[in-house]
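Enquirer: What follows is a structure written as structure tokens; I'll ask about it next.
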Amino acid sequence: MPDNQIVQRDLIRIRLRCRLFWVVLVGGVFLAIVLVPINYSAAKVVGLMWVILSIATWMSPMMSTCPGCHRSFHEGSFPSVWTLTKCASCGLSLDEKIGVGH
């Protein structure tokens, strides 16, 4: 596989990991809000699972390496996964389209 395809594939993986984090974060809050009036004990279990899944899905993009410079893509503290769209080391953008050679 050419290098540019590998870089593009890895950028897609990082984007998907970031989106999964947001889906788990927002979806868990929504599910807990809906469950509290219906079944409080189920809402507590869902809340605990939500915390565990949120931490796991947050760690996944935070531990990703940049396909361009092979250093940590997201460096720094917790908020960087929310706002960072470029590699903290080399500036490679998550939205960058790498040309595919034929």
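Enquirer: Testing Ile14 on (1) more than 17 Å from Ala88 (Cβ to Cβ); (2) among the hydrophobic types (A, V, I, L, M, F, W, C); (3) surrounded by 12 or more Cβ atoms within 10 Å (Cβ to Cβ), one condition comes back false. Which one is that?
Expert: The failed condition is (1).
Enquirer: Same structure again: Within region 49-59, how many residues turn out to be among the hydroxyl-bearing types (Ser, Thr, Tyr) and surrounded by fewer than 17 Cβ atoms within 10 Å (Cβ to Cβ)? Outline the logic, then answer.
Expert: Here is the first cut: in region 49-59, the ones among the hydroxyl-bearing types (Ser, Thr, Tyr) are 54, 57.
So of that shortlist, the ones also surrounded by fewer than 17 Cβ atoms within 10 Å (Cβ to Cβ) come out as 54.
Adding up the residues that qualify gives 1.
Enquirer: Going through Val36, Val46, Val29 one at a time, which residue ends up being part of a helix (DSSP H, G or I), surrounded by 12 or more Cβ atoms within 10 Å (Cβ to Cβ), touching a Leu at 6+ places or on another chain (Cβ under 7 Å) and not hydroxyl-bearing (Ser, Thr, Tyr)? Don't jump to the end; show me each part of the working.
Expert: Values: Val36 fails: touching a Leu at 6+ places or on another chain (Cβ under 7 Å); Val29 fails: touching a Leu at 6+ places or on another chain (Cβ under 7 Å).
Going through Val36, Val46, Val29 in turn, just one is part of a helix (DSSP H, G or I), surrounded by 12 or more Cβ atoms within 10 Å (Cβ to Cβ), touching a Leu at 6+ places or on another chain (Cβ under 7 Å) and not hydroxyl-bearing (Ser, Thr, Tyr): Val46.
Enquirer: Determine whether region 63-81 contains at least one residue that is modelled with pLDDT under 80, in contact with a helix residue (DSSP H, G or I) (Cβ under 7 Å, 6 or more places away or on another chain), under 28 Å from Asn4 (Cβ atoms) and in a loop (DSSP other than H, G, I, E, B).
Expert: Within region 63-81, one or more residues are modelled with pLDDT under 80, in contact with a helix residue (DSSP H, G or I) (Cβ under 7 Å, 6 or more places away or on another chain), under 28 Å from Asn4 (Cβ atoms) and in a loop (DSSP other than H, G, I, E, B).
The values are calculated or read from the model by the stated rules, or taken from the named source; none is laboratory data. Predicted, not measured: the structure shown is a model, and the values here were computed from it. Heads up, the Cβs are rebuilt from the backbone with ideal geometry, glycines too, and the neighbour counts pull from every protein chain shown.
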